[in-house]
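S.K.: The structure's right below; bear with me while I get my questions together.
The values are calculated or read from the model by the stated rules, or taken from the named source; none is laboratory data. Keep in mind that what you see is a predicted model, and the values were worked out from it rather than measured. Cβ sites come from the backbone with ideal geometry, for glycine too, and all protein chains shown count toward neighbours.
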Amino acid sequence: MIEPSRFATAPAHVRALDFGHLTVLLNYRNGHVQCLLPAVATLWRNTAATGRLDLMPSVLVNRLLATGLLVRSVTPIPWPAPLPAKTATASWGSAEHPAGALRPAPTRTTAGATAALAMVFAIKRLGSPNATMHRLTTALRRAVSTCRQPATHDQAQAAVLAVRRAGWYSPARTACLEESAAAVLLLAARRLSTTWCHGIAPDPVRLHAWVQTDRGAPAAEPPSTLAYTAALTIGARHQHQL
């Protein structure tokens, strides 16, 4: 009889990005993020190629199992190696981000953006905090599945700016995750789709969520967004084919 504890696999909702000096693991089911230094990242790669847990020290195995980054399996089930990610020159915290006044938006658009933002807040709060990211990504997948036409860049940008404006008056935390998700829902209400992106950038390691068109152009984003490598995208061109 095969001992189940000898083998494991990484679930489909776990993504890994390799920045060279660091590998970052993200669990999109429970929101856990784990950074691996090169020596440990090599152990992850070797285990990914074989599915054998005996290639890792038990302390590391227990950590990865406890955070859901790995799950036990009866047989060895290899999984993909980390995706190569964009590297960055050290900025020492000196990178600049543009700031400015919010553009006015039509009353109807602002009302829709407020409703979309409220829906995102509800999705985040109605359930276990450990499953927040899973609930949110599930809602976004369902929303974009109803879309029949890709949003133009102007439409996507207008949606993001409308949500951003509504967020200024929100009593709850409104950052890139909430803004981008609400913009996707706002456009989906009109059967217009965009691609929701969630990614990572180094120096230091930071997460960001944004919206881009089917052509890959980020909507209402500064140039610094190009430094991020997308770990998860929701929405694609093929969904518009009937």
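S.K.: In the range 164-183, what residues are touching a residue at least 12 places away in the same chain (Cβ under 8 Å) and either under 12 Å from residue 235 (Cβ atoms) or under 18 Å from the mean Cα position of the chain (by Cα) (or both)?
M.R.: Listed by number, the residues that qualify are 174, 176, 177, 178, 179, 180, 181, 182, 183.
S.K.: Also, I was wondering about something else. Looking only at the range 51-73, count every residue that is over 22 Å from residue 29 (Cα atoms) and among the β-branched types (Val, Ile, Thr) and tell me the total.
M.R.: Of the residues in the range 51-73, 1 are over 22 Å from residue 29 (Cα atoms) and among the β-branched types (Val, Ile, Thr).
S.K.: Here is a further query. Which one of these is touching a Phe, Trp or Tyr at 6+ places or on another chain (Cβ under 6 Å) and touching a residue at least 40 places away in the same chain (Cβ under 8 Å): 161, 187, 140, 207?
M.R.: 140
S.K.: Among the candidates 211, 184, 205, which residue alone is buried (at least 17 other Cβ atoms within 10 Å of the Cβ), in the same structural domain as residue 225 (by TED's automatic domain parsing), touching a Cys at 6+ places or on another chain (Cβ under 9 Å) and closer than 21 Å to residue 231 by Cα?
M.R.: Going through 211, 184, 205 in turn, just one is buried (at least 17 other Cβ atoms within 10 Å of the Cβ), in the same structural domain as residue 225 (by TED's automatic domain parsing), touching a Cys at 6+ places or on another chain (Cβ under 9 Å) and closer than 21 Å to residue 231 by Cα: 211.
S.K.: Evaluate the following for residue 76: is it farther than 26 Å from residue 141 by Cβ and in contact with a His (Cβ under 8 Å, 6 or more places away or on another chain)?
M.R.: In short, no.
S.K.: Let me confirm something: among 72, 45, 63, which residue is surrounded by 13 or more Cβ atoms within 10 Å (Cβ to Cβ), touching a residue at least 60 places away in the same chain (Cβ under 8 Å), not in a loop (DSSP other than H, G, I, E, B) and not acidic (Asp, Glu)?
M.R.: Residue meeting the stated conditions: 72.
S.K.: Residues of the range 24-42 being under 30 Å from residue 127 (Cβ atoms) and either among the β-branched types (Val, Ile, Thr) or part of a strand (DSSP E or B) (or both), which ones?
M.R.: 24, 25, 26, 27, 33, 34, 35, 36 - these are the residues of the range 24-42 that are under 30 Å from residue 127 (Cβ atoms) and either among the β-branched types (Val, Ile, Thr) or part of a strand (DSSP E or B) (or both).
S.K.: Name the single residue, out of those in the range 60-92 being among the small types (Gly, Ala, Ser) and more than 23 Å from the chain's Cα centre (by Cα), that is modelled with the lowest pLDDT.
M.R.: 91
S.K.: Show the residue pairs that are 6+ apart or on different chains and have beta-carbon atoms under 7 Å apart, the first residue being within the range 116-130 and under 15 Å from residue 162 (Cα atoms) and touching a residue at least 40 places away in the same chain (Cβ under 8 Å), the second being outside any helix (DSSP H, G or I) and small (Gly, Ala, Ser).
M.R.: Partner pairs satisfying both residue conditions: 117/170.
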